[in-house]
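In what follows, a structure is listed as structure tokens, so that the remarks can point back to it.
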Amino acid sequence: MLTIRGDARRFLQFAAVGASNTIVHLLGVLLLVEVLGFVPVAANVPAFLVANVWSFIANSVFTFRAAVVWTKYPRFLSLSLVAMAVSTGIVQAFQSLGWHYVLGVLASTGTSLTINFLLVRWAVFGARGASRDSY
């Protein structure tokens, strides 16, 4: 059930986890490129995956107060990839309109954050995600 106060709190926690996730991702890329000699594009994939696992754990425990149930992770990862596709599409749309790419990035950040929160809340930690493999 949606509650404005509870969902607002969860949304802010989800955003905070997202910010920490961004730091984990960037540190992973830096480690792989600067220390281990990876090509930046190749470093992005494993850094994304590590950051995504971090995001799943942190959102489970901190945002949704749920046990970390690894059978839910594929759903979480899939929704993260959907959010990335939506974000990329928004940036592309803004550029196609001749608008500055930063406007597209800003619009995509807010939009994909909101969409991802709602989908993850429902499909991973909410009614859709609540099954015999949870809690």
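Data for the structure
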| read-out | value |
| --- | --- |
| Yes/no for R9 being at negative phi and among the charged types (D, E, K, R) | yes |
| Residue within segment 86-95 that is modelled with pLDDT of 90 or more, surrounded by 14 or more Cβ atoms within 10 Å (Cβ to Cβ) and not in a helix (DSSP H, G or I) present | no |
| Filter result for the condition that a residue is assigned to a helix (DSSP H, G or I), under 12 Å from the mean Cα position of the chain (by Cα) and polar (S, T, N, Q), over S78, S60 | S78 |
| Selected residue [in contact with an Asp or Glu (Cβ under 9 Å, 6 or more places away or on another chain), modelled with pLDDT of 95 or more and not polar (S, T, N, Q)] from V24, V61, V50, V69 | V69 |
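The values are calculated or read from the model by the stated rules, or taken from the named source; none is laboratory data. Bear in mind that the values here come from a model prediction, so they are computed numbers and not experimental data. Quick reminder, even Gly has a Cβ in these numbers, built from the backbone with ideal geometry, and neighbours come from all protein chains shown.
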